[in-house]
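Input: a single structure, listed below in structure tokens.
The values are calculated or read from the model by the stated rules, or taken from the named source; none is laboratory data. The structure presented is a predicted model; accordingly, all values stated were derived computationally and were not measured. Positions of Cβ are backbone-derived with ideal geometry, glycine not excepted, and every protein chain shown enters the neighbour counts. For accessibility, only protein heavy atoms count, side chains too; no ligands or nucleic acids. Shrake-Rupley method; radii C 1.70, N 1.55, O 1.52, S 1.80 Å.
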Amino acid sequence: MSSYQTINYELQDNNIALLTINRPDKLNALNSDVLNELSAAISETESNESVKALIITGAGEKAFVAGADIKELSNLDAETGEKLSMRGQEIFASIENCSKPVVAVVNGYALGGGAELAMACHIRIATSNAVFGLPEVSLGLIPGYGGTQRLTHLVGKAKAFEFVLTGKQIKADEALRIGLVNKVSENNAIDEAKDLLGIIMKKGPVAVSKAISAINASFGDDGYKKEAELFGSLCETEDFREGTSAFLEKRKAEFKGR
Ligand code: DAK
């Protein structure tokens, strides 16, 4: 595994990589260095065959990620702002479209770009001290890393308007109630994420990655078409033959990932 300056990226037991945004003195705010290293670690997750799933979290007790780095944001102009937004969107899309399952463990403040990062992950587990919000309007901005789109998709238009227009912050329990997170951790959130990924990793890996693509296709206009295409392609895989045979033969499936 590569070593980085602003993130930790390490392979844990059970082929799960743990990516920790590591600027705790700045509440893990996303500056360009973090974004670049995040991008590299996602590419590594895709290319390293030993990595079967990814957990993203923040260093320290207080924050997942307290947003884009406001110091860097304050120097943007129209051209650099649009460029940064597109670069961030591209990186967050690479997380959302990662062919391996990605779980965010939201261990404190997830504000602005931090909430956007969590929303780009496939599943979110919050610790009880997690706080979510998109406070960009308070800075005279709008979410620039896909937050207006993903929040609307996750919680619906009414709540998205409320959150983005007021910049209000909510705690873990409310985030759970409105569907922004999948679970509030009762004990050790990283272990709970690993348990959840353990369940997913027992399934057919090709089917899991096609399912990720199919669900993501619901963002575009052609989600049903995409689902049918992916479904068709799965019918050609060994995993599909194995999964159906195992059911009919009343035995446990042994997936090969092809
Ligand atoms: N950026 C830079 N530094 C930050 C930071 C941030 N987002 N959040 C916290 N820090 C730094 C603080 O400045 C402080 O640094 P020192 O003064 O110690 O050097 C340190 O982290 C500890 O923070 P606090 O002392 O403030 O800690 P508290 O516990 O008192 O408060 C807090 C915690 C989370 C309530 C507070 O830190 C806070 O309000 N932070 C800012 C939250 C926020 O507004 N985040 C930005 C959201 S807007 C775009 C691309 C992206 C975006 C928009 C457009 N385009 C390219 C167009 C995204 C925007 C956002 O993310």
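Between ASN187 and GLU49, the distance separating the two model label sites (each 7 Å from Cα on the Cα→Cβ line) works out to 3.5 nm. Put the Cα centre of the range 225-258 next to the Cα centre of the range 111-171 and the gap is 36 Å.
Output the peptides 78-90, 148-160, 96-108, 60-72 sorted from most to least packed, where packing is the average of other Cβ atoms within 10 Å over each peptide's residues.
By packing density, highest mean first, the sequence is 96-108, 60-72, 148-160, 78-90.
Here the peptides 27-35, 2-10 are ranked by packing, the mean other Cβ count within 10 Å, and the order with the highest first is 27-35, 2-10. Its convex hull of Cα atoms gives the range 63-171 a direction-averaged projected area, equal to a quarter of the hull surface, of 6.5 nm². Cross-link partners of LYS250 among aspartates and glutamates, defined as those whose alpha carbon lies under 17 angstrom from its own and excluding same-chain residues fewer than eight positions apart: ASP239, GLU242. Of the solvent-accessible surface of the range 1-120, computed with a 1.4 Å probe over protein heavy atoms with every protein chain present, carbon and sulfur atoms account for 45 percent.
Between the helical axis of 189-201 and the longest alpha-carbon principal axis of the chain there is an angle of about 30 degrees. For the range 164-235, the extents of the C-alpha atoms along the principal axes are 42, 35, 14 Å, listed from largest to smallest.
Here the ratio of the Cα radius of gyration of the range 133-190 to 2.2 N^0.38 Å is 1.19.
What is the local net charge at MET1, summed over the other residues whose Cβ is closer than 13 Å to its Cβ (Lys, Arg +1; Asp, Glu -1)? The answer is -4.
Between 0 and 90 degrees, the angle of helix 223-234 with respect to the longest Cα principal axis of the chain falls at about 40 degrees. Taking the Kirkwood radius as Rh and the Cα radius of gyration as Rg, the range 116-258 has a ratio of Rg/Rh equal to 1.07.
Sorted from greatest to least, the principal axis extents spanned by the alpha carbons of the chain come out as 61, 38, 36 Å.
Its residue count N fixes a reference of 2.2 N^0.38 Å for the range 1-136, and the Cα radius of gyration divided by that reference is 0.98.
A 1.4 Å probe run over the protein chains yields, for the chain, 52 Å² of accessible area per residue, whole-number rounding. Please figure out what share of the DSSP beta bridges in the chain is antiparallel and state it in percent, rounded to the nearest 5. Once the DSSP bridges in the chain are tallied, antiparallel ones form about 30 percent. Scanning residues 5 or more positions from VAL106 or on other chains, those with amide H under 5 Å from its amide H are ILE125, ALA126, THR127, with H placed 1.01 Å from N in the peptide plane.
Our analysis of the range 22-94 gives Rg over Rh at 1.01, with the two radii drawn from alpha carbon positions and Rh computed by the Kirkwood formula. Computed from Cα positions, the angle between helix 78-96 and the longest principal axis of the chain comes to roughly 30 degrees.
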